[in-house]
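Notes to accompany the following structure.
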Amino acid sequence: MSLLLKLQNVTKKFGGLTAVNDVSFEIDKGSVVGLIGPNGAGKTTVFNLITGNYAPTSGTIDFKGNSVLKIAPNKIVKMGIARTFQTIRLFQNMSVIENVLAGCHCRMKSGSIAAMLRLPSQKKEEEEALKKAAETLDFVGLLHEAENLAKNLSYGQQRLLEIARAHASDPELIILDEPAGGMNDQETSDLVNLIGKIAESGITVLLIEHDMNLVMKACHKLIVLEYGTKIAEGVPEEIKNNKRVIEAYLGTDED
Amino acid sequence: MNKIIERFKKIETNTQIILAIFVILFGLSFVLDNYWLDVINNVGLYAILALSLNIILGSAGLFHMGHAAFYAIGAYLAAILNVVYGVPLLWSIPLCGLLAGLVALIVARPIIHLRGDYLLIVTIGVVEIIRIALVNDVLKDFVLVINGIMPDLFSRDFIKMVYSQGITGGSNGVFGISRPNFFGYIIKSPQDFFYLIFGFTAITIFLFKRLENSRFGRALIYLKEDDVAAEGSGINTTHYKLVAFVLGAVWAGMAGNLFAAKMTIINPDSFNFEESVVMFTIVILGGSGSILGVVVGAFLIIGLPEVFRELESARMLIFGLAMIVMMIFRSEGLIPPLPQKYKIPGFRNNNRNGGEI
């Protein structure tokens, strides 16, 4: 397995608060990695550092051997890292298909003038993007809602649509921030299958999740954060029995 | 004929209404007297301006209240080129667009990241700066200073003219603009201008309509809906905000050219802050992001007060009241944009009656 993402001694401070403290980890291509930890452990901050929304105070983040520091979030998507948001951030008043087309955007080229003149290349590109968007919707099982507005979807469907939008940008690494948040048991088990399907198609998955059931089933490797510091890393079975982790996180769960 | 009707049935309702409006207006152009034609011409000009502002404000959601600045730049460039160098008015349309776009690019680059009301305040500043620069004829001083440093750059005749008349003519403005010449036909009467202005409006609508369901048009709406999500989905938000701004300004500059042609005299009063507010109101009241809404908005805000001219002082009262009521009960505007339709491969719409595939 080759190395895809590498964080080295990454620290992020917000004023006096150290949200992420000297965190290092590596993600191999094709794996499904879970980032877990109690609330406020700095998981989403790590995501925002990888996707370029925040700049780390110190440390390096390399994707496929290239640094992603000081690169705008939209360029990072183009490099091959797509994300979903913890609080759903869909384009609520736009149709489902348009939301997915947003993901296709960075793989398209035509601009305003091409659109005004309806150049053949622009028409072809639109058709291809629509085909791709429809396939992606089919992949997550939302094709039947394609013309519905995003805001009319159920919570679970909105989560899926976020995944579809991220997936449509042809990423190599997809970052899911609490994808099962607000989902019922059936939807969650479907999500586990979907994550499996995404990984099978060769896309590496990094996810934050509180649902331990999902994490244990879906992930090959877990990284545990507490107070911004990495306290454990390993396969799910190991983490389950790690004393430090049980104390910090799972312990309260099993009492 | 049947074929035309068939095609007409296939297009979306809002476009049908726009086509109907144009057909009616075309008919009216033979019937109406000069006064009413002039009113409708004004409506047409504002429709172009509001459509161009609609790209910035309606689609991309950037609160821009300084659109009159770009309108002014187009009008003044057309006027000066015509009066000083005798450039025919219609020929300078692309130049007016280009200059307005260039100024927009320079002005917008440092402020484009501002959000909502902050951007609004800065753009109000922009339109005031342009107006005051025109009133004080800053360009004249500028040229004279450069002439002082490099005396050979400008011809003596030019400097002489600048000394005596100025460049933008201060608060008097520029006068003596010649009538536009359309391949030998002098455009003079309100009826002639009707065809010129509404021809341009039609082209504008046609082109902007095409933007709507394109990669570019969607990108603007993504920005308006949620710019963090747009950036996170791989859309270069700064770039698109800037392009929207420049594109809107280019169109306003071209509208400025038409305005100069119609008036033959222009002065800074035509491009004050109030003009920007009127354009802003047309877009918000008509329906942000909706082409039909903006066209209807232009008719209501520019045309309707003329209809009620007899009521004199009361009409602005009623007008203000109507706007307040509108914003409370229909804040998305009179005619909000319809959702875009796409031919989605493999998608079957079960909600639609008739069950077509």
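Is it true that A:Glu172 is surrounded by fewer than 20 Cβ atoms within 10 Å (Cβ to Cβ), under 26 Å from A:Val77 (Cα atoms) and modelled with pLDDT of 95 or more? Yes. The condition of being closer than 23 Å to B:Lys188 by Cβ and free of Cβ contacts under 8 Å to residues at least 40 places away in the same chain holds for B:Leu28. Of everything in segment A:76-105 that is buried (at least 24 other Cβ atoms within 10 Å of the Cβ) and among the small types (Gly, Ala, Ser), the residue that is farthest from the other protein chains (Cβ to nearest Cβ) is A:Ala82. Of all the criteria given as (1) under 17 Å from B:Asp137 (Cβ atoms); (2) β-branched (Val, Ile, Thr); (3) more than 15 Å from the chain's Cα centre (by Cα), the one not satisfied by B:Val87 is (1).
Considering the conditions (1) touching a residue at least 40 places away in the same chain (Cβ under 8 Å); (2) surrounded by fewer than 22 Cβ atoms within 10 Å (Cβ to Cβ), B:Ile5 is excluded by exactly one of them, (1).
No other residue among A:Lys132, A:Lys70 is out of contact with any strand residue (DSSP E or B) (no Cβ under 9 Å at 6 or more places or on another chain), touching a residue at least 12 places away in the same chain (Cβ under 8 Å) and more than 12 Å from chain B (Cβ to nearest Cβ) apart from A:Lys70. Restricting B:Ile5, B:Ile73, B:Ile21, B:Ile55 to residues that are under 12 Å from the mean Cα position of the chain (by Cα) and either assigned to a helix (DSSP H, G or I) or aliphatic (A, V, I, L, M) (or both) narrows the list to B:Ile55. Screening segment B:190-248 for helices (runs of 4 or more DSSP H) wholly inside it with 1 or more residues that are closer than 27 Å to B:Leu19 by Cβ and within 7 Å of chain A (Cβ to nearest Cβ) returns the ranges B:190-212, B:215-225. Scanning segment B:58-70 for residues that are aromatic (Phe, Trp, Tyr) and assigned to a helix (DSSP H, G or I) turns up just one, B:Phe70. Screening the candidates B:Glu274, B:Glu312 for the property of being on the phi > 0 side of the Ramachandran plot and surrounded by fewer than 16 Cβ atoms within 10 Å (Cβ to Cβ) yields one hit, B:Glu312. Taking segment B:83-100 as the range and being crowded, with 24+ Cβ neighbours inside 10 Å and either touching a Leu at 6+ places or on another chain (Cβ under 9 Å) or modelled with pLDDT under 95 (or both) as the test, the residues that pass are B:Leu89, B:Ser92, B:Cys96, B:Ala100. Residues that are more than 14 Å from chain A (Cβ to nearest Cβ), part of a helix (DSSP H, G or I), touching a residue at least 60 places away in the same chain (Cβ under 8 Å) and more than 29 Å from B:Leu89 (Cα to Cα): does segment B:264-283 have at least one? Scanning segment B:264-283 turns up no residue that is more than 14 Å from chain A (Cβ to nearest Cβ), part of a helix (DSSP H, G or I), touching a residue at least 60 places away in the same chain (Cβ under 8 Å) and more than 29 Å from B:Leu89 (Cα to Cα). With the structure loaded, tell me whether A:Tyr227 is closer than 27 Å to A:Leu130 by Cβ and touching a residue at least 24 places away in the same chain (Cβ under 8 Å) or whether it fails that test. It is false that A:Tyr227 is closer than 27 Å to A:Leu130 by Cβ and touching a residue at least 24 places away in the same chain (Cβ under 8 Å).
Taking the criterion of being within 7 Å of chain B (Cβ to nearest Cβ) and touching a residue at least 40 places away in the same chain (Cβ under 8 Å), the only residue of segment A:106-123 that qualifies is A:Cys106.
The residues listed here are A:Gly34, A:Gly59; of these, the one that is touching a strand residue (DSSP E or B) at 6+ places or on another chain (Cβ under 9 Å), part of a strand (DSSP E or B), more than 14 Å from chain B (Cβ to nearest Cβ) and over 20 Å from A:Ile239 (Cβ atoms) is A:Gly59. For segment A:147-171, taking the residues that are assigned to a loop (DSSP other than H, G, I, E, B) and of a type in the set (S, T, N, Q), the one that is nearest to A:Val100 (Cα to Cα) is identified as A:Ser169.
Here the helices (runs of 4 or more DSSP H) wholly within segment A:180-251 that include at least 1 residues being closer than 27 Å to A:Val10 by Cα and more than 15 Å from the chain's Cα centre (by Cα) are A:212-218, A:236-241.
Restricting attention to segment A:135-145 and to residues that are within 11 Å of chain B (Cβ to nearest Cβ) and surrounded by fewer than 24 Cβ atoms within 10 Å (Cβ to Cβ), the residue that is nearest to A:Ile208 (Cα to Cα) turns out to be A:Leu142.
Filtering B:Ile167, B:Ile186 for residues that are closer than 19 Å to B:Val103 by Cβ, in contact with a Lys or Arg (Cβ under 9 Å, 6 or more places away or on another chain) and away from chain A (no Cβ under 14 Å) leaves a single hit, B:Ile167.
The values are calculated or read from the model by the stated rules, or taken from the named source; none is laboratory data. Keep in mind the model is a prediction, meaning the values are calculated, not measured. Positions of Cβ are generated from backbone atoms using ideal geometry, with glycine treated the same way; all protein chains shown enter the neighbour counts.
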